[in-house]
Amino acid sequence: MRASVSGGVAAREGGALKLALPRGALFEGSLDVLDRVGIDTAQARGDSRALVFDAGELRLVTMRPSDVPTYVEAGAADVGITGKDVLLEQHDRAVYELLDLGFGACRMVLAGRRGDESLAEGERRLGAMRIATKYPRMTERHFAGSGRQPEVIEVKGSVELAPLVGLADGIVDLVDTGRTLAENDLEVVEEIAPCTARLVANRVAHKLRSAEIDDLVGRIREATRR
Amino acid sequence: MTNPIPPGTRDILPDEMRELRALQSALSEVFERHGYGEVRTPTIEYGEVLARGDERGAPAAYRFFDESGELLAMRADMTVPIARLVAGRFADEEPPFRFSYVGAAYRAIRPQRGQMREFLQAGVELVGADAPEGTAEVMEVLSAALDAVGLTRAVIGLGDADLYRQLLDELGVAGDRRQAVLDRLATHDLVGLEAEVGSLGLGDAERETLLRLPGLRGGAEVLTQARELGGGAVERATARLAATFEALGARGVADRVRLDLGLLRDLGYYTGAIVEVYDPAIGHVLGGGGRYDELMGRFGRPLPAAGFALYLERVHIAQAEEERLAREKA
């Protein structure tokens with residue numbers, strides 16, 4: 001059966017709750033959680049190029065993790081799963097953060113070259129440390145909150161490259177095992193925040209479809225309790 | 001050659017303008033019929049006047065100096081200017097005062113669909129009428145306004161702004177810890193709330209109360225569920241909500257109202273009842289309001305008050321979506 005995409009983004013009345021599902025690192029973990037609460041994820045697990053899958057009580061809408069708050073805030077998805085790192089970067093998105101799902105645990109860190117003093121020296125002699133990151137807004141906020149001035153350089157690809165070739169003194173990035181850092185001779189200078197996958201909800205759906213959302217949250221909470 | 005306009009502003013062309021105008025007149029007609037005469041206040045006010053309205057001063061995003069060095073600001077809503085107007089222009093007259101408005105307000109938000117930095121608000125203010133009757137009257141006007149613009153499925157959420165402030169006082173949570181809890185609630189961060197509440201060193205029952213209350217929403221049964229959690233602050237808030245809900249029932253508008261103990265609005269002047277408006281056709285809040293019994297006092301005329309504002313552009317989008325859904329169904 002082909003996944004149906006009828007209904008349009010605004011057809012929120014009745015029908016299955018729409019759940020924004022992050023492609024990429026959190027995809028498997030998200031599907032596992034849904035499996036555990038009895039949602040059929042077989043279609044979504046297949047190698048179909050479709051973006052929307054009917055899974056009984058839920059309609060699964062797949063997208064980049066960083067798009068999840070956008071879809072959920074606008075109500076194009078009622079609920080969604082994304083990383084805390086995404087929520088930190090897009091902290092002005094008005095969505096409910098309902099549940100810490102526990103999986104996808106990473107750390108947001110400030111890292112610099114091993115044994116290198118240029119972060120501290122940049123700050124002391126030049127008034128600012130140059131930080132390369134994919135999380136420019138969160139980095140600005142974090143440094144401003146601790147009374148330091150960063151010169152934030154936004155990059156889209158491998159952030160680890162920036163300090164190796166002198167684009168930046170350090171990086172702010174999400175670290176899982178730390179292997180990429182180690183292989184590039186970088187070390188953690190400062191822990192910024194632990195990040196895990198989170199369940200979020202649209203503000204209006206949280207009110208108007210409260211019974212369904214509360215039921216889903218209850219089941220997921222039960223299934224992910226450690 | 002492009003001649004730009006500032007981010008978050010836009011031009012409105014005739015087709016849209018005709019529909020917006022029709023929307024405005026439908027709303028104005030409802031307001032007038034309920035005895036709320038329309039007023040207009042300046043778009044710019046003294047910065048100090050607007051800051052007095054919202055202690056945190058955050059909403060007045062656009063500020064500048066006039067030719068004599070006075071700090072001016074673009075209004076962030078219409079409630080504060082009307083509070084100033086009532087206190088100044090009606091200083092010696094007998095309350096209650098009923099006013100309505102349709103006008104632009106300004107906030108430095110991230111622009112997106114139906115949410116610009118310059119946006120239109122239409123609403124009413126009822127100054128000098130106590131809870132619960134004053135609140136119920138305003139909500140009755142709100143309900144009539146939603147029907148008049150065709151949003152018959154729209155729902156009004158009703159909560160209580162004092163619930164958590166009083167509850168935290170009662171639990172002896174003060175200072176930064178108190179503010180941190182309120183911030184988590186205002187930003188809908190229930191995961192952060194759990195962590196914050198967990199670090200307060202409260203007993204199990206108190207922690208349970210703080211974590212379960214924000215999830216309680218629905219009909220009158222919500223009040224019973226809340227009372228079971230116990231405590232004086234919860235008792236007082238549920239009593240206020242029950243009284244308002246009863247007054248709404250007498251006016252025949254309780255059906256579209258959903259009680260919501262998790263409701264918190266980010267404007268600093270609300271006390272007691274707070275409301276938000278939702279329509280199933282769109283994912284954004286269409287408007288809101290509530291009681292602001294302490295605001296008038298800051299302008300030298302202490303009077304209880306309540307009001308609401310609808311975001312006109314979002315109401316317009318909701319209208320269009322409802323029409324589209326109806327067409328699809330047909």
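Values in this text are rule-based calculations from the coordinates and carry no lab data. Values in this document were obtained by computation on a predicted structure and should not be read as measured data. For neighbour counting, all protein chains shown are included, and Cβ atoms are generated from backbone atoms with ideal geometry for every residue, glycine included.
As a ratio to 2.2 N^0.38 Å, the alpha-carbon radius of gyration for the stretch B:140-238 is 1.26. Rg then Dmax, both in Å and based on the Cα atoms of the protein assembly as shown: 25.1, 77. Within the straight-line cut-off of under 27 Å between alpha carbons, the lysines reachable from B:K329 are A:K18, A:K207, sequence neighbours fewer than 8 places apart in one chain being disregarded. For the segment B:316-322, counting C-beta atoms of other chains within 10 Å of every residue's C-beta and taking the mean gives 2.
Its Cα gyration tensor gives the stretch B:174-307 an equivalent ellipsoid; the semi-axes, largest first and in whole Å, are 25, 20, 17.
Across chain B, Cα-Cα pairs more than 28 Å apart make up 44 percent of the total. Summarised in one figure, the compactness ratio Rg/Rh of the stretch A:106-193, Cα atoms and Kirkwood Rh, is 0.92. The lysines within cross-link reach of A:K134, meaning a Cα-to-Cα straight distance under 25 Å and a gap of 8 or more places when in the same chain, are A:K84, A:K156. Relative to the dominant Cα principal axis of chain B, helix B:79-89 is inclined by about 80°.
Please give me the summed charge of the neighbours of B:R251: other residues whose Cβ is under 13 Å from its Cβ, Lys and Arg +1, Asp and Glu -1. Before the final figure, lay out the partial values.
Working: positive: B:R256; negative: B:E133, B:E137, B:E140, B:E246, B:D255.
Residues near B:R251 contribute -4 overall.
Just to be sure I follow: if Rg is taken over the C-alpha atoms of the stretch B:91-183 and Rh is the Kirkwood radius over the same atoms, what is Rg/Rh? Working shown, then result.
On the way: Rg = 17.9 Å, Rh = 17.0 Å.
The Rg/Rh ratio comes out at 1.06.
The calculated pair-distance distribution of chain A uses every alpha carbon pair, bins of 5 angstrom beginning at 0, and gives 1, 7, 14, 17, 16, 13, 10, 9, 7, 5, 2, 1, 0 percent. The alpha-carbon atoms of the stretch B:1-106 define a convex hull whose volume equals 142 cubic angstrom per residue. For B:A250 and A:E151, the FRET efficiency from 1/(1 + (r/R0)^6), where r spans their Cβ atoms and R0 equals 51 Å, is about 0.25.
Along the stretch B:274-287 the Karplus relation, 6.51 cos²θ - 1.76 cosθ + 1.60 evaluated at θ = phi - 60°, assigns HN-Hα couplings of 10, 10, 9, 10, 10, 10, x, 7, 9, x, 9, 5, 8, x Hz to successive residues, with x for each Gly and Pro.
Annotation for the stretch B:57-115 versus the stretch B:230-283: alpha-carbon center distance of 25 Å.
Only helices reaching 30 angstrom along their own axis (Cα) with mean Kyte-Doolittle hydropathy no lower than 1.0 count here, and not one DSSP H run of chain A does. Amide H to amide H distances under 5 Å link A:E151 with A:M129, A:R130, A:I131, where only residues 5 or more positions off or on other chains count and H is placed in the peptide plane.
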